[in-house]
1. Fully extended, how many nm does the chain gain between ASN100 and LYS26 (0.36 nm per residue separation, minus their Cα-Cα distance)?
2. Evaluate E = 1/(1 + (r/R0)^6) for GLU126 and ASP88, where r is the Cβ-Cβ distance and R0 equals 30 Å; express this FRET efficiency to the nearest 0.05.
3. If we sort 61-72, 95-106 on the protection proxy, mean other Cβ atoms within 10 Å, highest first, what's the order?
4. How big is the Kirkwood radius of region 2-144, worked out from every pair of different alpha carbons and given in Å to one decimal?
5. Hey, got the dipole for region 2-144? About the Cα centre, +1 on K and R Cβ, -1 on D and E Cβ, debye to the nearest 20?
Amino acid sequence: MKKLYQVFIILTVLALVPLYGNAQCKSFAKKVCKLELTPYIHDGNYNAAILTEGEDAELYKTFYAGQNYRIYICGSDALPEIEFQVLDVNRNVLYDNRKNDYSRIWDFKLQASQQLIISLRVKNSEEETDELVSGCVAIMFGIKEDKN
């Protein structure tokens with residue numbers, strides 16, 4: 001019975017570790033990343049996850065015509081460069097930060113409302129190590145009022 005109890009405790013701790021990591025990542029997004037949206041107003045969503053070098057992630061989001069938007073990709077300092085692309089639903093590339101010196105910010109305005117795909121990839125480190133580097137990556141969205 002005691003051994004069963006120990007196994008239960010170990011499994012519970014292992015199940016909670018990823019939740020703690022994601023909570024820390026969300027906190028990182030709130031405290032560090034949100035500031036970079038200025039003068040855009042944060043949309044209120046915190047899209048953040050712990051990624052390891054070489055990993056990919058995608059996020060689908062609807063954007064509306066006539067709005068000025070900012071996408072900001074924020075990552076832990078320990079991570080290598082983060083590649084990101086913005087694609088339409090047909091996977092046509094609208095923006096690729098590799099063509100802009102790995103810029104983490106893209107400001108844009110759409111002519112028509114549409115769902116876009118934000119595709120991320122944490123590059124592999126150029127240093128040879130036995131361990132892969134992991135860290136928080138957040139995708140932040142801001143909206144700016146049009147002064148016209």
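Every number here is computed from the coordinates shown, using simple stated rules; none is lab data. Here the structure is a predicted model, which means the values were calculated and not measured. Please note: Cβ atoms are built from the backbone with ideal geometry, for glycine as well, and neighbour counts cover all protein chains shown.
1. 23.9 nm
2. 0.40
3. Highest mean packing first, the order is 61-72, 95-106.
4. Kirkwood radius, region 2-144: 16.6 Å.
5. 840 debye
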